[in-house]
Amino acid sequence: MTNADSPRYRLAVLAVVVLALFAALFARLWYLQVLTSDTFELQAESNRIRPVQVEAPRGRILDRNGTVLVDNRVSTVVTVDRVLFNALEDDEAADMLNRLADEMSRYGSPATVDELIDRVNDVRYSQYAPVPVAEDVTEELKIYVEEHRELFPSVAVERTAVRRYAYGTRGAHLIGYVGEINDTELEDRVDKPKTYERGDQIGKTGVERIYEDDLRGTPGQTVYEVDAQGRPVRILEDLSRPPIPGDDVWLTIDITTQAVAEDLLQDALDAARNRPPSGDNPPNESPGGAVVVTDPQDGDVLAMASYPTYDPADFVNGISSSRYAFLTDEANHGPLNNRAIQGQYAPGSTFKLISGYAALASGLREPTTPYFDTGSHTLENCEGQCTFRNAGSKAYGTVDLQRSITVSSAAYFYSIGEDFWNARGRLGEEAFQESARLFGFDQETGVPLPSEQDGRIPTPEQRKAQYDANPGAFLERNWFTGDNVNMAIGQGDVAVTPLQLANAYATFANGGTRYAPNIATKITRAGSENTVKRTFEPRINGNVDLPPEWREPLLQGLIGVAASGEGTAFGTFQGFPLNEFPIAGKTGTAEVNGKADTAVFAAFGPAPAPEYTVAVILEESGFGGTAAAPVARKLFDQFAGVAERPELQPGGELVYPVEAEDEPTQEELARVGSSD
């Protein structure tokens with residue numbers, strides 16, 4: 001029997017325990033070294049390397065002729081390596097930041113220590129990528145920092161690509177701007193093939209936003225080898241890859257036409273502001289407006305001007321809070337708003353084209369049906385407001401559809417509005433509105449731009465719903481004959497955007513095809529104009545039935561506006577070669593409670609097979625024939641070759657040839673404008 005207390009027995013037990021421990025150890029080593037070696041090798045490798053995304057240059061934006069509107073420029077940026085910075089002693093880091101702030105201020109880039117600390121600690125930036133603390137610094141600062149590297153541990157001065165807008169503010173609302181990606185945008189793009197990180201740039205508005213997927217380049221990658229503390233040791237070239245620039249977007253606009261439209265718009269607003277008000281009208285404040293030029297044959301937008309405007313360069317490297325406050329202050333009339341697609345205005349008499357078409361299409365009028373215009377129209381079986389007057393109560397005698405458009409007989413169209421309401425039992429309450437929708441009103445045009453408004457064509461049901469939702473804001477819940485009467489002349493609750501107005505006239509001009517406006521023609525590979533990745537073809541949104549017996553009297557009425565001695569834009573187009581380049585258009589003056597009238601003009605030419613459609617809307621600027629029509633006249637001077645085309649200089653300035661002595665100036669055109 002074995003004695004458990006004997007030395008031999010105890011040694012045997014110990015040996016067994018030791019062997020068991022070694023067996024377990026060898027088994028664990030075999031598991032780690034053989035069975036799972038690949039897994040742990042990958043983990044070790046991932047701990048050793050740190051990939052850092054490198055943002056790629058954005059693609060260029062060009063006009064229809066290949067003129068570069070937006071590309072990239074080199075910006076000199078001061079950066080701080082956070083890994084190296086955090087390794088500094090507290091007093092050493094503080095001394096370095098003080099020196100950096102002093103030298104930046106001395107060399108033209110003022111900064112405080114607190115601002116530098118906030119930027120270094122900004123969580124938007126990768127732990128391993130250098131943090132930009134100042135952009136567009138001077139070459140003198142760059143040289144100083146590089147020559148005194150020992151004074152600025154962890155600081156570097158690098159060159160990086162940022163957006164360059166070659167023509168300044170030209171086309172700003174259409175082109176848009178870029179800014180730093182926010183959390184919502186980042187979350188929306190987690191599955192995009194072109195990856196994003198905090199601090200990356202992204203299109204915020206306009207073309208920069210709509211064509212973001214094309215303009216954004218494919219990010220590259222720099223892979224760092226790091227030590228046990230996570231500090232970069234070297235760049236692993238074999239694992240890194242260069243960024244690929246984004247593709248180029250070619251727009252439909254002609255940048256010179258765009259610049260001309262912008263200058264004419266601003267000049268017209270300035271002229272209206274300085275023009276004494278007529279009669280008891282309020283003074284012209286003229287805070288803003290828009291001009292749209294399109295090709296009626298395919299829907300291409302040739303120019304889209306909005307005023308007031310802004311400089312997209314303000315947003316490069318981040319806009320200052322003071323500048324952003326200025327741009328968003330209501331007192332400055334919304335420079336960031338694209339009035340061409342966001343501004344909603346009463347169209348005034350330009351809507352008479354639609355009213356005339358609706359009367360023909362519904363059978364309420366024949367083109368030659370006479371109406372005797374005494375200067376006003378009085379509703380039948382009416383109580384309250386029953387008489388509606390022409391501008392200045394002017395009487396035109398016997399008019400038909402064609403002449404009523406030429407002279408802008410409001411009374412004729414008042415009668416159409418009344419007839420529609422009286423015939424509602426047969427035609428339906430919205431027969432009038434349905435005709436307007438055929439031309440694209442009360443809906444977005446489909447232009448590929450963000451924040452487009454759909455305007456408003458009011459209806460009886462809409463009135464009831466609005467009243468029920470907010471009774472205090474409306475005098476009546478019911479729709480009356482007078483509401484139809486006001487709608488017939490583009491007043492009341494009718495609201496259109498300048499682009500909608502241009503598109504409606506383009507639809508009529510081309511014979512009834514309603515296009516969705518295009519703003520881009522093609523996408524090409526970066527830097528390769530001949531490598532087309534895709535093109536943008538005309539898009540048809542609808543068709544309007546325009547048989548010759550309807551279209552011809554409407555067209556002749558519009559042509560008479562400029563060509564007839566009694567036309568409301570006859571004075572404006574004196575001296576223009578209407579025989580070679582006929583203009584069909586309509587003036588409009590929309591009343592606004594407590595403010596000066598909105599001036600409106602819409603036209604196309606050369607009729608009857610036009611190449612250009614123009615819509616002009618000037619807020620609080622007076623009569624359409626006085627303020628808005630001269631803008632279109634000057635544009636048609638360019639299109640018809642009457643005026644020599646100006647030269648657009650780098651930076652956006654237009655250089656005009658010396659005007660011929662017999663060419664009317666803006667002021668002269670305004671003096672001969674009509675009251676409508």
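What to note about this one:
- In the stretch 157-193, the residues that are over 30 Å from ALA261 (Cα atoms) and in contact (Cβ under 8 Å) with a residue 60 or more places away in the chain: VAL157, GLU158, ARG159, THR160, ALA161, GLU180
- Within the stretch 174-281, helices (runs of 4 or more DSSP H) holding 1 or more residues that are touching a Gly at 6+ places or on another chain (Cβ under 7 Å): 206-210, 212-215, 255-273
- Evaluation of ASP71 against (1) open to solvent by less than 20 Å² (accessible area, probe 1.4 Å); (2) part of a strand (DSSP E or B); (3) of a type outside the set (A, V, I, L, M) (one fails), failing number: (1)
- Residue tally, condition open to solvent by less than 30 Å² (accessible area, probe 1.4 Å) and at positive phi, over the stretch 555-601: 0
- Filter result for GLU444 (closer than 23 Å to HIS377 by Cα, open to solvent by 10 Å² or more (accessible area, probe 1.4 Å) and either in a loop (DSSP other than H, G, I, E, B) or modelled with pLDDT under 95 (or both)): no
- Criterion (among the charged types (D, E, K, R), open to solvent by 20 Å² or more (accessible area, probe 1.4 Å) and part of a loop (DSSP other than H, G, I, E, B)) met by exactly one of ASP314, ASP298: ASP298
- Residue within the stretch 138-155 that is outside any loop (DSSP other than H, G, I, E, B) and among the small types (Gly, Ala, Ser) present: no
- Qualifying residue in the stretch 362-370 (condition: aliphatic (A, V, I, L, M) and either assigned to a helix (DSSP H, G or I) or at pLDDT below 95 (or both)): no
- Count of residues meeting criterion [surrounded by 12 or more Cβ atoms within 10 Å (Cβ to Cβ) and polar (S, T, N, Q)] in the stretch 533-550: 2
- Count of the stretch 419-441 residues, restricted to those that are in a loop (DSSP other than H, G, I, E, B) and aromatic (Phe, Trp, Tyr), is 2.
- Meets criteria (open to solvent by 70 Å² or more (accessible area, probe 1.4 Å) and part of a helix (DSSP H, G or I)) for ASP468: yes
- Breaking point among (1) open to solvent by less than 40 Å² (accessible area, probe 1.4 Å); (2) at pLDDT 90 or above; (3) within 40 Å of the chain's Cα centre (by Cα), for MET96: (3)
- Scanning the stretch 240-259 turns up no residue that is open to solvent by 30 Å² or more (accessible area, probe 1.4 Å) and within 23 Å of ALA290 (Cα to Cα).
- Any hit, the stretch 509-521, residues being assigned to a helix (DSSP H, G or I), more than 30 Å from PRO245 (Cα to Cα) and touching an Asp or Glu at 6+ places or on another chain (Cβ under 8 Å): no
- Among (1) more than 25 Å from GLN443 (Cα to Cα); (2) out of contact with any Cys (no Cβ under 9 Å at 6 or more places or on another chain), the one test that THR378 misses: (2)
- Assessment of the stretch 622-637 against the conditions (surrounded by fewer than 24 Cβ atoms within 10 Å (Cβ to Cβ), hydrophobic (A, V, I, L, M, F, W, C) and closer than 17 Å to PRO277 by Cα) yields no matching residue.
- All of (1) out of contact with any helix residue (DSSP H, G or I) (no Cβ under 7 Å at 6 or more places or on another chain); (2) part of a helix (DSSP H, G or I) hold for ASN98 with one exception: (1).
The values are calculated or read from the model by the stated rules, or taken from the named source; none is laboratory data. Worth saying up front: this structure is predicted, and the values here are computed from it rather than measured. In this analysis, Cβ positions are derived from the backbone assuming ideal geometry, glycine residues included, and neighbour counts consider all displayed protein chains. Surface areas here come from the heavy atoms of the whole protein model, side chains and all, with no ligands, DNA or RNA. Shrake-Rupley method; radii C 1.70, N 1.55, O 1.52, S 1.80 Å.
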